[in-house]
Each structure stands twice: as structure tokens, then as C-alpha cells.
Amino acid sequence: MFSQNPTNFSSLEATPLTECIKLDCPLFDKYQVQVWMKLDYQNHPQIQGNKWHKLRYNLAYAKAHGYKTLLTFGGAYSNHIAATAMAAKEAGMQSIGIIRGQELAEMPEKWSHTLQTAKKNGMRFEFIDRQSYRARNTAKFLDQLRLKHPDAYLLPEGGTNLLALKGFDLLAKQIQQQCPQWTHLYCAVGTGGTLSGLVANLSQYPQNQQKKIIGVAVLKNADYLKAQIRQWLEAFNADNQTQDSIDWQLLTQYHAGGYAKTRKSLDQLGKRFQKAFKIPLEPIYNQKMLNGVYQELKQGHIPPNAKVLLLHTGGLQANES
Ligand SMILES: *Cc1c(COP(=O)(O)O)cnc(C)c1O
């Protein structure tokens, strides 16, 4: 269902330039590494960070093919839900969110900031119970949805599909312009779409052959994502007649108990980091990615002289919930 063939997306060729800054501190000196952070949350006030890239070509495709509505899936704290509502609003489209948790239907007072903002931006919700939600990718469920919403363009949970991967082309370009010396690139992983998009697009630069992209999974038991990421990369390469040449790795041991769970030590690290570098973080993705990098550093898994680039994927809207 998610194989699309993009045609002309000239209107979205521009993506805002976000800063890439060097982070200096005694710890990095001690391990003889240099560290930069790409502050990609700056790209859009609401559709922050990676969700912007994932939506770009999907939005253009939906508009070009006459769809009037974006329909997608998520939990009550999903950054993708917030981003889709905002993107639809800006594009003059409708949006529908299929939200996990039927109990929320009768309790708008319990809605997260994410849901409230999405609603303000015009998103209509359909709350479904957790069991039905698990069936969201089955043909039967999707066919029923299409019958009910014939003019809706369906985006999968987390917004990850082939067009989403493609949407990291301009971020890759910025990275190559701002920090071409990078040797190790780290990002947080939910569905793996961002990691796949980075591998797919950064592989197109010949000078990146010996480099490595490392994802830090924020969910428990995320090993199944490796096969999924491989599949996306194969499909992307088949579609675009490309190859992925960059080595990638998924670290699955830094989930800190599971999605949206955190630990005191992580929160302390996050606080120290924000204070030292004046960079805002959120606990669900970027704080976990950062903790993973610090642990890897302390365990000697990042070699001396490495030039480490951290991708800040945004998601700051979740801090209000
Ligand atoms: C959604 C999200 C991610 C995870 O991206 P995937 O492409 O699903 O792996 C990472 N960081 C932030 C801030 C997010 O909102």
C-alpha cells in the first residue's frame, strides 16, 4: 500500500537550514572525540525535526493526487500525530487521527497536550481500543478505513514509508555541507524510518563509504526493527536505483525500560546537557539517544579521533504534555 512513485515536488524543494554546532566539554576531550549536534528541531516550530522530512514528499504526493485528507495512526503522545495535524492545516487539507485508547473518547479532559494541539489544528479523532489498534496494518482494517474515508491519503504510524525515507535527502545535503568530516552519526529510533532515510541518502555521497550511522532504539525488544530497516533500504534502492553503502547499526540496549520510560540517571544527564549547551531536549527520544552515546563512549565503543555527529530529531512539543 505504501509504494508510491513521486513525480514533481518542486514546491517542497526548500527546507529550512538548521544549525550544526560543535559541543565542547572535558569528557569529549578525555575520550579524544569531537562532537557536533545538528539542531534539526529548528526546521519548523510545530512539525519539528524528523517528522518534517518524513511528511514533505508524502504531502506533495497527496496534494498532487487530489487527496483532501491526511489520515494516520498514533498514541496520545505521538509527535507524528501532532505533526500531521499541523502539516494538513498548512496545506489546506483535513486530517483524521486514529488514536489508540478508546477510553479517551469520553474523557477529553484527559487528553494530552499532543491531542489537544492536534485538535486545535483541525484533526478529527477516531479512538479505537488497543486490540483493534494492533490490527491497523492488516489489509482488512485498511480496506475498511478506505471505504469509510475514500478521499483520505493514509500515512502509517510514525509516518514511515518510502516517501518518508526519500524526504531525508535535503537533511543529508545540509549535513554534508555543514559537517562533512563526520565519521559516526547517531540518531534516536522509533520505527527506524529516520535511520533508514539517513543511510539511504547519505550513502549517495562517495566520501561517506567508511562512515557509520548508529540508531539508538527507544523501545524495548527493538531487534525486530533490523529486518524492517533492511527491507526499507532494499525497497528504497530498488525504487531509486541506488545502493546503500554506509555501515549502520541499531543499539537496542538503551531503551531505559521501554517507550516513554525514563530513569533518574537519564534525566540528570539530560539536565546537565541542557544547562551546559543551552540545547532543549525531550526524554522520549533525544535524551535516550544522548545517554546511548555517553554509554558507548565510556565503554570504549567510539574510537579516539572519531568525529561524532548527533542528530537532534526535535519532538519538543511532547514536553508540554
Ligand atoms: C518520531 C521520532 C523519532 C523516531 O523516528 P523514527 O523515524 O520513527 O525512527 C525520533 N525522534 C523524535 C523527536 C521523534 O518524534
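Descriptive notes on the structure:
- From phi via Karplus (6.51, -1.76, 1.60), per-residue ³J(HN,Hα) for the range 154-164 in Hz, x at Gly/Pro: 8, 10, x, 4, x, x, 8, 8, 5, 5, 5
- Label separation (residue 181 vs residue 209): 2.2 nm, computed from points 7 Å beyond Cα along the C-beta direction.
- Alpha-carbon spread of the range 226-307, three principal axes, descending order, Å: 45, 33, 24
- Rg and Dmax, both from the Cα atoms of the range 59-172 and both in Å, are 13.9, 43.
- Since only 33, 268, 293 are under comparison, the one whose Cα sits farthest along the positive direction of the charge dipole of the chain, derived from C-beta charges on Lys, Arg, Asp and Glu, is 268.
- Toward the positive end of the charge dipole of the chain, with +1 on the Cβ of Lys and Arg and -1 on the Cβ of Asp and Glu, the farthest Cα among 17, 137, 216 is that of 216.
- Phi angles across the range 15-20 convert, under the Karplus curve 6.51 cos²θ - 1.76 cosθ + 1.60 with θ = phi - 60°, into 3J(HN,Hα) values of 10, x, 7, 10, 6, 10 Hz, Gly and Pro given as x.
- Förster radius 45 Å - calculated FRET efficiency between residue 106 and residue 275 (Cβ-Cβ, nearest 0.05): 0.60
- Computed magnitude of the charge dipole of the chain (debye, nearest 20; Cβ of K, R +1, Cβ of D, E -1): 480 debye
- Charged-residue dipole, Cβ positions (Lys, Arg, Asp, Glu), the range 8-137 about Cα centre, Debye nearest 20: 320 debye
- Using only alpha-carbon positions in the range 82-123, the gyration tensor eigenvalues give semi-axes of 20, 10, 7 Å once each is multiplied by 5 and square-rooted (largest first).
- Student exercise, the range 164-321 dipole from Lys, Arg, Asp, Glu Cβ charges, in Debye to nearest 20: 660 debye
- Apportionment of accessible area to carbon and sulfur, the range 180-246, percent (1.4 Å): 45 percent
- At a probe radius of 1.4 angstrom, the accessible area of the range 146-277 per residue rounds to 45 square angstrom.
- Rg/Rh for the range 128-232 stands at 1.07; both radii use Cα atoms, and Rh follows the Kirkwood definition.
- Normalised by the number of residues in the chain, the mean separation of alpha-carbon contacts (under 8 Å, six or more apart) gives a relative contact order of 22 percent.
- Dimensionless Rg over Rh [the range 264-321; C-alpha; Kirkwood]: 0.99
- Karplus (6.51, -1.76, 1.60) ³J(HN,Hα), θ = phi - 60°, over the range 240-253, in Hz, Gly and Pro reported as x: 9, 6, 10, 10, 9, 10, 7, 5, 9, 8, 10, 8, 10, 9
- Spatial separation of Cα centroids for the range 208-257 and the range 58-115, in angstrom: 26 Å
- Proximal aspartates and glutamates relative to residue 30, as straight alpha-carbon distance under 15 Å, when same-chain residues fewer than 8 apart are discounted: 296
- Here r is the Cβ-Cβ distance between residue 135 and residue 25 and R0 is 41 Å; the resulting FRET efficiency, rounded to 0.05, is 0.30.
- Long-range amide H partners of residue 48 with built H, under 5 Å: 315
- Distance histogram in 10 Å bins (all Cα pairs of the range 189-277, percent per bin): 16, 39, 27, 16, 2
- Amide hydrogen proximity for residue 95: with H placed 1.01 Å from N in the peptide plane, the residues at 5 or more positions away or on another chain lying under 5 Å are 70, 124.
- Stretching residue 226 away from residue 146 to a fully extended chain increases their span by 25.8 nm, per 0.36 nm per residue minus the current alpha-carbon distance.
- Cα-Cα pairs of the chain separated by more than 25 Å (percent): 49 percent
- Expressed as a whole percent, the proportion of Cα-Cα pairs in the range 19-82 lying more than 16 Å apart is 64%.
The values are calculated or read from the model by the stated rules, or taken from the named source; none is laboratory data. Please read all numbers here as calculations on a predicted model, not as lab measurements. Backbone-built Cβ (ideal geometry, glycine too); neighbour counts: all protein chains shown. Calculation scope for accessible area: heavy atoms of the full protein, side chains included, ligands and nucleic acids excluded. Shrake-Rupley method; radii C 1.70, N 1.55, O 1.52, S 1.80 Å.
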